[in-house]
Amino acid sequence: MTKIAPSILSADFAALGAEIQDVEQGGADYIHVDVMDGHFVPNITIGPLIVDAIRPVTSLPLDVHLMIEQPDQYIQAFAQAGADIITVHQEACPHLHRTIQLIKQEGVKAGVVLNPATPVDTIRPILQDIDMVLLMTVNPGFGGQSFIDSVVPKIEQLDSLREELSLSFEIEIDGGVKPGTAKKCKAAGADVLVAGSAVFNQEDRAAAIQSIREDA
Ligand code: DX5
Ligand code: ZN
């Protein structure tokens, strides 16, 4: 069954604990945490302090998406704050293998993120070392953007490569996921769908999660 990872970027930050409990009760599989530094992406969001604050309110894995430059400097802080999965951008990591090892040394699952224009081939040598690949279907920085259809063949390519190499990393998709686009991601081989606005902008979060999961 497709996993759904609501992104708290679209939640009500004044009621963050209750918002997270609401999506957990509504059937979410992961809580997706978007960390932005105002350098790698043109927006600033949250840091380890918030991860630490939300850790006790949910038993779901915290899926921490680092949209930051020099992630090596912050990996330990996010791990200690309670991250279960940390993903870093290929475009932000000149020494990607080292960065992945740093994440794993902290006992956290490690993943790599690709922007829409970054080819899948750029991470082929590291696929055997990672637990997740996150393919962006928007340019990172903001919630509520439109799904970029031209990324769908990358999902198919990555799924085929995973089979060819007999690997088992998860394929996660992030950006513009809602009923209609979720279907295309699943058909192409995605395992985990991040959804921000399509979950948190709906009154009934359980119904929103279900409609994304069951979009076929
Ligand atoms: C974008 C973030 C996404 C974002 C998705 O930079 O990485 O996780 O919250 O938001 P929606 O689902 O609204 O496109
Ligand atoms: Zn994200």
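The values are calculated or read from the model by the stated rules, or taken from the named source; none is laboratory data. Computed from a predicted model, the values in this text were never measured in an experiment. Cβ sites come from the backbone with ideal geometry, for glycine too, and all protein chains shown count toward neighbours.
When residue 110 is tested against (1) surrounded by fewer than 21 Cβ atoms within 10 Å (Cβ to Cβ); (2) away from ligand 1 (no atom under 16 Å from the Cβ); (3) under 20 Å from residue 2 (Cα atoms); (4) without any contact (Cβ under 8 Å) to a residue 60 or more places away in the chain, just one condition goes unmet, and that condition is (1).
Pairing each residue of region 64-82 that is over 19 Å from residue 31 (Cα atoms) and without any contact (Cβ under 8 Å) to a residue 40 or more places away in the chain with any residue that is within 16 Å of ligand 1 (Cβ to nearest atom) and of a type in the set (Gly, Ala, Ser), provided the two are 6+ apart or on different chains, yields C-beta distances under 6 Å for 69/92.
Of the residues in region 39-49, none is at pLDDT 95 or above and either crowded, with 22+ Cβ neighbours inside 10 Å or closer than 19 Å to residue 213 by Cβ (or both).
Being farther than 23 Å from residue 24 by Cα, over 12 Å from the mean Cα position of the chain (by Cα), within 16 Å of ligand 1 (Cβ to nearest atom) and in a helix (DSSP H, G or I) is a description that applies to residue 91.
If I filter region 185-196 for residues that are more than 15 Å from ligand 2 (Cβ to nearest atom) and surrounded by fewer than 16 Cβ atoms within 10 Å (Cβ to Cβ), do I get at least one hit? Looking through region 185-196, at least one residue is more than 15 Å from ligand 2 (Cβ to nearest atom) and surrounded by fewer than 16 Cβ atoms within 10 Å (Cβ to Cβ). One residue stands out in region 161-178 among those that are touching a residue at least 12 places away in the same chain (Cβ under 8 Å) and away from ligand 1 (no atom under 16 Å from the Cβ): the one that is farthest from residue 128 (Cα to Cα), namely 161.
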